[in-house]
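**Student:** The structure follows.
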Amino acid sequence: MDKFVIRGGRRLEGEVVISGAKNAAVAILPAVILSDEPCIIENVPSISDVNICLQILEEMGADVRSVGKDAYLIDPTSINKVCVPYEYARKMRASYYFLGALLGKFNKARVSMPGGCPLGDRPIDQHLKAFSALGAEYTLSQGMIDLKADKLRGSQIFFDVVTVGATMNAMLAAVKAEGLTIIENAAKEPHIVDLANFLNSMGANIMGAGTDVIKVRGVDKLYGTTYSVIPDQIEAGTFMVAIAATKGDAIVKNIIPKHLESITKKLEKIGVNIEQYDDSMRVWVDGPLVKANIKTAPHPGFPTDMQSQIATLLTLAEGTSIITENIWEQRFRYVDELRRMGADITVNGKIALIEGTGKLMGAPVKACDLRAGAALIIAGLAASGVTEIEDIFHIERGYDCMEGKLRAMGADIEKVSVPDKPNAKSENTKAAV
Ligand code: EPU
């Protein structure tokens with residue numbers, strides 16, 4: 001078991017290069033299955049969720065090769081299994097993208113239900129609704145989801161909630177279905193557009209991604225392509241907050257500023273200076289930080305995946321801030337850990353009240369999910385004294401060498417191996433975000 005040890009109080013300076021987007025990569029890698037030829041995927045982040053995706057592809061018979069830094073050549077033509085077993089699915093929530101991709105290619109799929117999850121109830125009813133609309137039948141038994149269809153036919157799909165995963169899965173399943181599929185109340189996140197762009201670069205016919213109506217006209221065949229994953233909007237936002245929390249001054253590189261608008265606007269309101277360039281931003285703080293009210297919402301609203309990080313920044317600001325979490329019911333679990341570091345936060349249902357105390361103190365803490373872990377790193381960087389963060393496997397699922405990037409910016413952070421406690425659960429048995 002590894003942990004991060006952070007000696008706080010150092011300003012972040014210099015620059016950081018943002019990696020490819022986790023939530024785009026974990027959909028694009030399964031989407032390669034739909035191609036009848038090999039594909040090269042570039043700007044793939046080095047994170048454990050990506051490793052699991054690649055292992056699943058190999059396990060199914062695909063030929064996967066690393067072809068240079070952050071790039072993989074994947075030949076899906078040798079795939080001879082349509083099953084994702086529990087041992088993989090339990091480690092990564094996004095294993096559900098194999099359902100849409102396998103169904104779209106082979107008219108059948110067998111994927112273990114994604115493992116338990118620390119963000120509260122995470123239903124997949126909207127995914128199943130989309131597959132049914134396209135003509136697939138599903139059965140759920142012994143923890144497995146089985147899908148099969150004689151033929152997939154284009155259809156109208158109206159989502160009852162705005163859902164990233166089901167929107168992506170509907171596109172994956174519809175791309176080769178006969179006729180026109182219309183997806184209404186679709187999610188609009190940058191990774192939805194990235195998946196559509198990738199599929200279109202293989203010869204798909206998808207229009208409207210990035211709006212709430214996506215039209216997919218089915219094609220017979222998809223071809224090989226070379227495609228580069230977009231930069232990770234949440235990794236960029238996390239580093240922007242980390243720079244602000246340490247009152248630093250640094251450049252965040254390899255970003256798409258448009259994807260960061262809701263984050264940039266809030267940070268400016270809090271008192272953070274931001275200068276935007278074509279594909280980078282300078283972020284710095286030279287005055288006081290002030291309170292803000294934030295409500296999470298689907299894109300283009302403020303992302304839930306940045307909620308814990310910005311809450312940490314607000315503990316360092318003047319005044320009382322209010323955060324409303326509208327997406328995940330259990331996304332305040334990090335609050336107990338921040339309290340151990342001196343934060344004054346009260347949670348009532350989906351609302352958190354943060355009394356800015358202006359300072360945090362180092363403490364031993366535990367990451368309870370990916371973004372909670374990122375928030376604790378930010379807290380540790382800004383705090384006085386030493387912070388030790390356990391369960392960092394959560395962080396490594398979604399951040400590409402975070403400690404190395406922070407160290408290069410002047411942070412005092414190291415990864416330390418500690419022997420497993422007797423009877424401790426191994427990280428592999430724990431739930432995926
Ligand atoms: N929902 C349903 N039924 C469904 C699907 C979703 O009711 O069939 C509800 C959920 O319970 C939730 C809301 O719809 O309240 C939105 O869920 P969504 O489907 O959009 O979430 P997701 O696709 O499972 C992705 C990201 C999450 C991110 C959310 C929201 C991936 C792999 N995961 O999850 O990322 O929080 O969208 O933006 O793309 C993270 O990166 O830390 C992370 C948790």
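**Student:** If I ask for residues that are among the small types (G, A, S), within 10 Å of the ligand (Cβ to nearest atom) and surrounded by 18 or more Cβ atoms within 10 Å (Cβ to Cβ), which ones from the range 294-324 would you list?
**Tutor:** S308
**Student:** Given the criteria touching a Phe, Trp or Tyr at 6+ places or on another chain (Cβ under 7 Å), farther than 24 Å from L147 by Cα and basic (K, R), does R7 qualify?
**Tutor:** no
**Student:** Further, regarding this structure: If a residue has to be under 19 Å from R10 (Cβ atoms), crowded, with 19+ Cβ neighbours inside 10 Å and among the acidic types (D, E) to count, how many in the range 371-422 make the cut?
**Tutor:** Counting residues in the range 371-422 that are under 19 Å from R10 (Cβ atoms), crowded, with 19+ Cβ neighbours inside 10 Å and among the acidic types (D, E) gives 1.
**Student:** Let me ask you something else. Of the residues that make up the range 377-387, is at least one assigned to a loop (DSSP other than H, G, I, E, B) and modelled with pLDDT of 95 or more? Outline the logic, then answer.
**Tutor:** Keep residues of the range 377-387 that are assigned to a loop (DSSP other than H, G, I, E, B), which gives 383, 385.
Filter once more, so that each one left must be modelled with pLDDT of 95 or more: 383, 385.
Among the residues of the range 377-387, at least one is assigned to a loop (DSSP other than H, G, I, E, B) and modelled with pLDDT of 95 or more, which makes the answer yes.
**Student:** Something else about it: Can you name the condition, by its number, that V162 falls short on among (1) near the ligand (Cβ under 9 Å from one of its atoms); (2) part of a strand (DSSP E or B)?
**Tutor:** For V162, the exception is condition (2).
The values are calculated or read from the model by the stated rules, or taken from the named source; none is laboratory data. Fair warning: this is a prediction, and the values are worked out from it, not measured in the lab. Note that we place each Cβ from the backbone using ideal geometry, even for glycine, and neighbour counts take in every protein chain shown.
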